[in-house]
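The values are calculated or read from the model by the stated rules, or taken from the named source; none is laboratory data. Since we're looking at a predicted model, the values are computed, not measured. In this analysis, Cβ positions are derived from the backbone assuming ideal geometry, glycine residues included, and neighbour counts consider all displayed protein chains.
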Amino acid sequence: MVAFIVPSNYGAVIGVALGAIPVLGFVHGTITGGLRKDAKVPYPHSYASMELCKENAKAEKFNCAQRAHTNFLENAPQTMLFTLVAGLKYPEWAAGLGALWVLFRIMFLYGYVYSGKPQGQGRLVGSFFWLVQAGLWGLSVFGVGRALL
C-alpha cells in the first residue's frame with residue numbers, strides 16, 4: 001500500500017490543475033467552434049485551406065483559433081500533471097505557476113485570434129507559457145528527486 005500525504009493547502013493546486021486548465025480548454029473549444037461556421041469549414045476538416053483563407057478573412061481567424069486550441073491540447077495534459085505532482089511538495093509554487101501558465105495561455109489565445117496581427121503573430125505575447133511549463137516540470141522533477149532521497 002502506498003500513501004500520499006497531501007498538504008493542507010493542496011486545494012489550490014487541484015483548483016488550477018483540474019479546474020482552471022480544463023475550463024480554459026472549454027473556452028478554446030467554444031471560440032473555435034463559434035468561428036467554424038463563419039469560416040465555412042465543414043466537419044471533418046480541421047483547418048481552412050489557403051485558398052479559402054485568401055477569400056475569407058474569417059477562415060484565417062478560424063485557423064488561428066484552431067491552432068491555438070491544438071497547441072493548448074498538446075500542452076495541457078503534462079502541465080496538469082506537473083502541477084499536481086509539484087504541488088505535493090511545493091503547493092504554493094505549483095498553484096502559482098499553474099495560474100501563471102493559465103494567464104499566459106489566455107494571452108496566447110487572445111493574441112493568436114483577436115490581435116489582428118498577420119499569421120497569428122500576436123500569440124508571441126503569451127508564449128512565455130513555455131518558461132512556466134518548464135518551471136513546473138523542473139519543480140516536479142526536483143520534488144520527486146527529493147522524495148526519493
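Some notes on this structure:
- Single unsatisfied condition, Leu136 versus (1) of a type outside the set (Asp, Glu); (2) within 30 Å of Lys58 (Cα to Cα); (3) in contact with a Ser or Thr (Cβ under 8 Å, 6 or more places away or on another chain): (2)
- Restricting the range 116-145 to residues that are of a type in the set (S, T, N, Q) and under 18 Å from Phe72 (Cα atoms), the residue that is farthest from the chain's Cα centre (by Cα) is Gln119.
- Residue list for the range 26-50, restricted to those being touching a Phe, Trp or Tyr at 6+ places or on another chain (Cβ under 6 Å) and under 15 Å from Leu109 (Cα atoms): His28, Leu35
- For the criterion of being more than 30 Å from Pro7 (Cβ to Cβ) and touching a residue at least 12 places away in the same chain (Cβ under 8 Å), Ala68 passes.
- Any hit, the range 74-89, residues being modelled with pLDDT of 95 or more, out of contact with any strand residue (DSSP E or B) (no Cβ under 7 Å at 6 or more places or on another chain) and farther than 21 Å from Leu139 by Cα: no
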